[in-house]
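Q: Sending over a structure as structure tokens; questions will come in a sec.
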Amino acid sequence: MCPKRNFIVVGGGVGPAAGVAFHQKLIDMLDNRGMGDQGHAPVIHLSMSPYVLDRTAYLLGNQQGINPGMAMGSSVNVACHAFEAVAQKFVVGVPCNTFHSRVVYEAYLEQLESKQICPINMIEETKNYIQQKLPSDEIILLSTSGTRETQVYSSQIPVLETRDVPNPQDKNTKRLSYFLTQEGNPDLRKISAAPQAAVMAAIYDPEIGVKGSEPHFSEAKWVFDVVIDLLKEGHAQRSAKKENYSVIMGCTEIPLAYAYGEGPLILGDFEKYIDPMEILAARLITAAGYPLKQAFAEKYDYMLSSEVLAEPEDSAQIRLHVEDFAENIKIRSKL
């Protein structure tokens, strides 16, 4: 019988589109070594959105209802239990920045029961990436108010971030259209007056925000770019030296706007846009013992010397594993 394999578990649905984009990154970044479908890692993708409350709403709304961390942790437990007979380890990541606020993430960790479950913290991995690859850059943070107010990133690394506090009673500023001119361009005056409210509207507008029913990715991207420029220019006025800037796309919906939106990049080079989802995907792959494609192996070379839970299998082991997996499923179905 061949060794059990490590499974990758995605705590998705937070939000659903970001979870799908994250799963796509796992597929695009892993090197299947020419072995087709069977060369990929086994992935359990949970998307239990109706049961996991919005993290920002929970954190800023007096923490009413079931803690999102408890709900996610319970879902991970159930999924891992179903496959524990055929898995060595479950390497788990949650592609949501606000989820990593202390109140939510600690509740999540407390729910995890099995010693086979190995959680990976996306914020810690992003901090490691910045320290390894961008140690001299000034870091701009775009994030939800929940991430900002609970200091998810600012407690780990120095960041430039917005300071205004969106008024929850002001219905106008919850709409992305409020921050656009009649021609559909960013309204610089309104965004300058309330940059964090503009970021939240670009993400959460129920109709045209990135989480909305009909997302307007380009308009959201343009708003994000204006906020980045405001933070960059504000810091440049206070700094005596010329700085290099990078931006953390600190909400997993923000990379979607840059993937699908139109227009040039305010920072020029896309490498200056730090995607915590991509960093998390790279770490899940390497921690589970699977190889990255060459471009990603070079970008995340420092991860290759980090802890690996199991060595990747060769094609003969994979064929044996498929047979063992099928046999285990037959046995369990008869119980």
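Q: Sort 292-298, 233-239 for me by packing, meaning the mean count of neighbouring Cβ atoms within 10 Å per residue, highest on top. Before the final figure, lay out the partial values.
A: Values: 292-298: 14.3, 233-239: 10.6.
Highest mean packing first, the order is 292-298, 233-239.
Q: With an 8 Å cut-off on Cα pairs and a minimum separation of 6 or more residues, tell me the relative contact order of the stretch 128-227 in percent.
A: Answer for the stretch 128-227 is 22 percent.
Q: What accessible area per residue, rounded to a whole number of Å², is obtained for the chain using a probe radius of 1.4 Å?
A: I get 48 Å² per residue for the chain.
Q: Which value in nm describes the separation of the simple spin-label points at ALA85 and ASN244, placed 7 Å from the Cα toward the beta carbon?
A: Calculated label separation equals 5.3 nm.
Q: Which whole-number percentage describes the relative contact order of the stretch 168-230, with Cα contacts under 8 Å and a sequence gap of 6 or more?
A: Relative contact order for the stretch 168-230 comes out at 30 percent.
Q: Still on this model: Can you figure out the FRET efficiency of THR181 with ILE66, using R₀ = 41 Å and their beta-carbon distance, to the nearest 0.05?
A: Working: r = 41 Å, r/R0 = 1.00.
Calculated transfer efficiency: 0.50.
Q: How far apart, in nm, are two points set 7 Å out from the Cα along the Cα-to-Cβ line at ASP137 and at LEU188?
A: Here the modelled spin labels are 2.5 nm apart.
Q: What three numbers, in Å, describe the spread of the alpha carbons of the chain along their principal axes, ordered from the longest?
A: Sorted largest first, the three principal extents are 66, 43, 35 Å.
Q: Further, regarding this structure: At a Förster radius of 41 Å, what calculated FRET efficiency corresponds to the Cβ-Cβ distance of ALA236 and GLU113, to the nearest 0.05? Before the final figure, lay out the partial values.
A: Numbers: r = 50 Å, r/R0 = 1.21.
Step by step, r from the Cβ atoms, then E = 0.25.
Q: Right, here's the next one. Given charges of +1 on the Cβ of Lys and Arg and -1 on the Cβ of Asp and Glu, with all other atoms neutral, how large is the dipole of the chain about its Cα centre, in debye to the nearest 20?
A: Using only the charged Cβ atoms, the result is roughly 460 debye.
Q: On the protein heavy atoms, probe 1.4 angstrom, tell me the percent of accessible surface of the chain carried by carbon and sulfur.
A: Its accessible area is 51 percent carbon and sulfur atoms.
Q: Hey, another quick one. With springs only between Cα atoms under 10 Å apart, run a GNM on the chain and tell me which of VAL86, VAL94, VAL227 wobbles the most.
A: Fluctuation is largest for VAL86.
Q: Find how many whole Å separate the alpha carbon centroid of the stretch 29-65 from the alpha carbon centroid of the stretch 69-109.
A: 9
Q: Related question: Please give the length that would be gained between GLN156 and ASP301 if that part of the chain were fully extended, namely 0.36 nm times their separation in residues minus their C-alpha to C-alpha distance (nm, one decimal).
A: Here the answer is 50.0 nm.
Q: What percent does the relative contact order of the chain come to when contacts are Cα pairs within less than 8 Å and at least six residues apart?
A: On the way: 562 pairs, mean separation 71.2, N = 335.
For the chain, the relative contact order is 21 percent.
The values are calculated or read from the model by the stated rules, or taken from the named source; none is laboratory data. Please read all numbers here as calculations on a predicted model, not as lab measurements. Methodologically, a virtual Cβ is constructed for each residue, glycine included, from the backbone with ideal geometry; neighbour enumeration extends over all protein chains shown. Quick note on the areas: whole protein, heavy atoms, side chains included, nothing else; ligands and nucleic acids left out. Shrake-Rupley method; radii C 1.70, N 1.55, O 1.52, S 1.80 Å.
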